[in-house]
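Input: a single structure, listed below in structure tokens.
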Amino acid sequence: MPRTMALATLMLALPAFAQTPPEVTLTRLDCGNGFNDQRRFSDSFAYTNPKVPFTFSCYVIKHGADTMVWDTGLAPGSNPNATNKPLTDLLAQLDIKPDQVKYVGISHFHADHTGQLAPFANATLLIGKGDWDGVNAQPPMTGANVAGFKDWIGTSRKVEPLTADKDVFGDGSVMVLRTPGHTPGHQSLLVRLKQKGPVVLVGDAAHFRENYLRDGVPGFNYDRAQTIASIERIKQIEKNLKATVVIQHDPRDVTKLPAFPAAAK
């Protein structure tokens, strides 16, 4: 084959390999608001405020044509802090149907993060193995929202119990991070955005900025040492990646992401 023809053939073949990376976006959904006794969140009596604002957040991650939901909030009507808008209604405003969701990742098994898992019949549930074991134990581990998982336990729905970090889409853009301590299988989520940069959703690794900044540990956490180690890991990720850390329950962090229905990109 002449040299010119070979070069032309190569140039025609390049677009097949030089694919544009999928766009990644992150949207926060309001899944409830209320107040909490901050004194509960330090086992060293660091806080004195009996009533501080407390928010409940759910998130949607778009990775090209694929959709992931992170945490599903309280079930509507189950708690005075719960929103009266089902998660499916909020997703509809983003033109997302439950059966289109590929992954549902949860930070941990408590009811305020797992109250609306049921609609996502086609999704793979990404849950820390320690929490999955706690849900399925007889009797279940204290605090595990067994009712929230009833559609997954003993059924054909897809569950992936994680023992380590998971690169969700295989390109490093969305990673479930192992951050145990609050519960045995607690997880956080790293989302790398092109414009905003990396964002870490901490689940309940920390509930307030005060917990995060000073390694505060609630007395009801599963493991104190693991909690501190997980907070320190997130701090190192924040430093090394220059990441935005979002404390999911702290309303002061809500404005770190655009207001619904806008997405961070």
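FYI, it's all coordinate maths here, none of it is from the lab. The structure presented is a predicted model; accordingly, all values stated were derived computationally and were not measured. Here the Cβ is made from the backbone with ideal geometry for all residues, glycine too, and neighbour counts use every protein chain on show.
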Neighbour-count ranking for Thr124, Thr227, Thr163 (other C-beta within 10 angstrom, fewest to most) reads Thr163, Thr124, Thr227
Can you give the charge dipole size of the chain about its Cα centre, rounded to the nearest 20 debye, using +1 on the beta carbon of Lys and Arg and -1 on the beta carbon of Asp and Glu?
600 debye
Reachable lysines from Lys51, Cα under 26 Å, same-chain residues fewer than 8 places away excluded?
Lys85, Lys256
Per DSSP, the loop-located chymotrypsin sites (Phe, Trp or Tyr not before Pro) within segment 29-102 having at most 13 other beta carbons within 10 Å are Phe45
For segment 102-149 and segment 202-224, what is the separation of their Cα centres, given in Å?
20 Å
With Cα springs under 10 Å, the Gaussian network model of the chain assigns the largest mean-square fluctuation among Ala229, Ala65, Ala206 to Ala65
Connecting every pair of Cα atoms under 10 Å apart in the chain and solving the GNM, the largest mean-square fluctuation among Leu213, Leu126, Leu26 falls on Leu213
Fewest-first sequence of His249, His186 by Cβ atoms within 10 Å of each Cβ
His249, His186
Which residue, Ala144, Ala92, Ala46, has the most motion in a Gaussian network model of the chain that connects Cα atoms within less than 10 Å?
Ala92
Would you check segment 114-215 for Lys pairs whose C-alpha atoms are within less than 26 Å, ignoring same-chain pairs closer than 8 in sequence, and give me the count?
8
Once the dipole of the chain is set up with Lys and Arg at +1 and Asp and Glu at -1 on Cβ about the Cα centre, which of Pro98, Leu189, Gln226 lies farthest towards its positive end?
Leu189
By the Cα gyration tensor axes a ≥ b ≥ c (a/c under 1.5 gives rounded; else a/b larger than b/c gives prolate, otherwise oblate), the shape of segment 75-167 is oblate
Given [x] 80, 41, 34; [y] 66, 51, 35; [z] 72, 34, 33 as possible values of Cα extents along the principal axes in Å, the one from the coordinates is [x]
